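The values are calculated or read from the model by the stated rules, or taken from the named source; none is laboratory data. Model, not experiment: these values are computed from the prediction. Ideal geometry is used to build each Cβ from the backbone, glycine not excepted, and the neighbour counts take in all protein chains shown.
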Amino acid sequence: MKRTNAKLTDVQGVYSGPEGDLWELIMGEQIHIGGFSQSKILADLAGIGRDEKVLDLCSALGAGLRFLAKFYGARGFGLDATEKMLEKAAARTAEDGLSGQIEFKKGNVESIPWSDGFFDVVWGEDAWCYVENKDRMIAEAARVLRRGGRIAFSDWVEGPKGWSEETAARICGFMKFPYVESQKSYEEKLRKNGFSIRSSEDCTPHFASCCDLYIRMLTEQLTFDALRIIGWDMEMFKAMGGEMAFMAEKAHAGEFGRCRIVAVKD
Ligand SMILES: C[S@@+](CC[C@H](N)C(=O)[O-])C[C@H]1O[C@@H](n2cnc3c(N)ncnc32)[C@H](O)[C@@H]1O
């Protein structure tokens with residue numbers, strides 16, 4: 001697919017401002033589809049063990065790592081490019097009494113500031129769609145993983161039915177994604193970087209039902225809260241609703257979706 005003009009600075013703008021707050025309003029502090037239950041599925045598939053070192057690429061508010069620390073006893077390391085997210089992540093981690101178990105760094109996931117073979121697991125939840133150079137990110141993930149280490153992630157992708165250039169441009173433009181992968185192209189990238197696929201799933205039907213859920217929450221429960229976040233701009237609220245409805249329609253049609261992959265470094 002053609003790329004949009006979205007750059008890392010645009011993504012930092014999203015997560016430093018009202019859009020990021022809106023995503024937290026509808027998804028909770030785990031800013032990904034399905035929250036706790038989807039994280040649990042991913043963690044169980046990855047076989048996260050006590051004291052394993054897990055690197056969350058695009059760690060946002062740090063909730064993914066707090067989940068892994070609390071429920072799996074993992075040691076967490078977060079990398080994110082947005083200062084505001086990192087500040088909130090550190091504060092909430094301290095509030096939860098987990099500062100000794102989790103640390104955060106600021107940086108671009110295309111250049112990971114840790115040494116070769118340092119991690120047992122590289123983790124990502126619904127965020128790599130924002131990354132401009134995913135080849136570089138996967139190569140970096142392979143570098144910082146030990147042999148036998150796992151990469152475990154979910155992401156928003158082109159759906160199993162494929163999509164048109166127009167659909168891709170509209171969704172990626174609205175979401176500020178430079179482009180997205182497909183489940184298949186992720187599998188190819190992983191193999192090219194020395195991984196064996198342990199599991200690979202298309203989660204598009206669940207993704208579509210969650211899109212409906214977010215629209216219902218915004219229109220039937222959280223309208224006032226959302227309007228406050230975007231400065232009471234009703235026109236903007238309606239425009240965003242229209243784009244979300246378009247995404248939901250394309251998700252139901254299997255053109256836009258989500259996948260979950262776990263792979264092992266050979
Ligand atoms: C949807 S949120 C991630 C949600 C998080 N995985 C969770 O489950 O709570 C997207 C995050 O990705 C970060 N991000 C996007 N592109 C990045 C990049 N190239 N390097 C580092 N962080 C990036 C943004 O700053 C933002 O905090």
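Could you check segment 1-18 and list, in sequence order, the residues that are within 20 Å of residue 256 (Cβ to Cβ) and not in a loop (DSSP other than H, G, I, E, B)?
Selection gives 10, 11, 14.
May I ask you to list the residues in segment 24-37 that are touching a helix residue (DSSP H, G or I) at 6+ places or on another chain (Cβ under 8 Å) and not polar (S, T, N, Q)? Break it down stepwise before answering.
Just the residues of segment 24-37 that are touching a helix residue (DSSP H, G or I) at 6+ places or on another chain (Cβ under 8 Å), to begin with: 25-36.
Result: 25, 26, 27, 28, 29, 31, 32, 33, 34, 35, 36.
Let's see how each residue does on (1) within 14 Å of the chain's Cα centre (by Cα); (2) within 9 Å of the ligand (Cβ to nearest atom); (3) of a type in the set (Val, Ile, Thr); (4) crowded, with 16+ Cβ neighbours inside 10 Å:
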residue	(1), (2), (3), (4)
91	no, no, no, no
96	no, no, no, no
109	yes, yes, yes, yes
121	no, no, yes, yes
136	no, no, no, no
142	no, no, no, yes
151	yes, no, yes, yes
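What number of residues within segment 186-237 satisfy the criterion of being under 23 Å from residue 252 (Cβ atoms), hydroxyl-bearing (Ser, Thr, Tyr) and in contact with a Lys or Arg (Cβ under 9 Å, 6 or more places away or on another chain)?
Adding up the residues that qualify gives 3.
Among the residues that make up segment 135-145, is at least one of them over 25 Å from residue 47 (Cβ atoms), part of a loop (DSSP other than H, G, I, E, B) and out of contact with any Gly (no Cβ under 9 Å at 6 or more places or on another chain)? Steps first, answer last, please.
Filtering segment 135-145 for residues over 25 Å from residue 47 (Cβ atoms) gives 135-136.
Next, only the ones that are part of a loop (DSSP other than H, G, I, E, B) stay: none.
No: segment 135-145 contains no residue that is over 25 Å from residue 47 (Cβ atoms), part of a loop (DSSP other than H, G, I, E, B) and out of contact with any Gly (no Cβ under 9 Å at 6 or more places or on another chain).
Of everything in segment 24-40, what is of a type in the set (A, V, I, L, M, F, W, C) and buried (at least 16 other Cβ atoms within 10 Å of the Cβ)? Give them in sequence order. Before the answer, list the steps.
Taking segment 24-40 first, the residues of a type in the set (A, V, I, L, M, F, W, C) are 25-27, 31, 33, 36.
Those that are of a type in the set (A, V, I, L, M, F, W, C) and buried (at least 16 other Cβ atoms within 10 Å of the Cβ): 25, 26, 27, 31, 33.
Of everything in segment 8-26 that's near the ligand (Cβ under 8 Å from one of its atoms) and touching a residue at least 40 places away in the same chain (Cβ under 8 Å), which residue is farthest from residue 214 (Cα to Cα)? Lay out the reasoning, then the answer.
First, the residues of segment 8-26 that are near the ligand (Cβ under 8 Å from one of its atoms): 8, 11-12, 14-15, 20, 23.
Adding the requirement that they be touching a residue at least 40 places away in the same chain (Cβ under 8 Å) leaves 8, 11-12, 14-15, 20.
Details: 8: 25, 11: 21, 12: 23, 14: 18, 15: 18, 20: 15 Å.
The residue in question is 8.
Could you identify the single residue in 29, 52 that is within 9 Å of the ligand (Cβ to nearest atom), of a type in the set (Asp, Glu) and touching a residue at least 12 places away in the same chain (Cβ under 8 Å)? Show your work before the answer.
Working: 52 fails: within 9 Å of the ligand (Cβ to nearest atom).
One residue alone meets the criteria, 29.
Would you mind telling me which numbered condition in (1) buried (at least 19 other Cβ atoms within 10 Å of the Cβ); (2) assigned to a loop (DSSP other than H, G, I, E, B) residue 50 fails?
(1)
Being under 18 Å from residue 153 (Cβ atoms), modelled with pLDDT of 95 or more, under 13 Å from the mean Cα position of the chain (by Cα) and not in a strand (DSSP E or B) narrows it down to one of 37, 59, so name that one. Give the steps one after another, and end with the answer.
Values: 37 fails: under 13 Å from the mean Cα position of the chain (by Cα).
Only one candidate qualifies: 59.
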